[in-house]
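Here is the structure we will look at.
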Amino acid sequence: MTRMIMLLAPAMQLMLPGCIARTAVDIVTLPVRAGAQAADWATTSQDEADRNYGRKMRKQEAEEGKARKKADEQRRRECRKAGYDNCG
């Protein structure tokens, strides 16, 4: 058992500094990555803006279509009520 520890000790000494250095780099770069993520969340990309604009326009067109259909039905109803046969 002690012989195995004696063989593994030099290998551990070589591997641990790399782990410590990697952890130090992660800790140092964490605020930069967090700031970049916050900036990404706070801004809207051109793709997102285009997608949102398209969604808004489709919704508006659907509402206009419903209003047009309702107005046409009302016009036909009033036309028939007035006694006309060809109300479209």
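The values are calculated or read from the model by the stated rules, or taken from the named source; none is laboratory data. All values derive from a computational prediction rather than experimental measurement. Cβ placement follows ideal geometry from the backbone for every residue including glycine, while neighbour counts extend to all protein chains displayed. Side chains are part of the model used for accessible areas, which takes the heavy atoms of the whole protein and leaves out ligands, DNA and RNA. Shrake-Rupley method; radii C 1.70, N 1.55, O 1.52, S 1.80 Å.
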Practice problem: Could you name the aspartates and glutamates whose alpha carbon sits less than 16 Å from that of residue 69, not counting residues in the same chain fewer than 8 places away? | Solution: 61, 78
Quiz prompt | Accessible area of segment 27-88 divided out per residue, in Å², using a probe of 1.4 angstrom | solution = 94
Exercise. Per residue of segment 76-88, in order, report the coupling 6.51 cos²θ - 1.76 cosθ + 1.60 (Karplus, θ = phi - 60°) as ³J(HN,Hα) in whole Hz, putting x for Gly and Pro.
Key: 5, 4, 5, 5, 5, 5, 6, x, 8, 8, 9, 9, x
Quiz item: Tell me, what does the Kirkwood hydrodynamic radius of segment 32-88 come to in angstroms if you use every pair of distinct C-alpha atoms?
Solution: 15.3
Exercise. Quick one: order 55, 3 from most to least accessible surface, probe 1.4 Å.
Key: 3, 55
Quiz prompt | Built amide H within the under 5 Å cut-off of residue 87, gap 5+ | solution = none
Exercise. Using a cut-off of 13 Å between beta-carbons, work out the net charge of the residues near residue 69 (Lys and Arg +1, Asp and Glu -1, residue 69 not included).
Key: +1
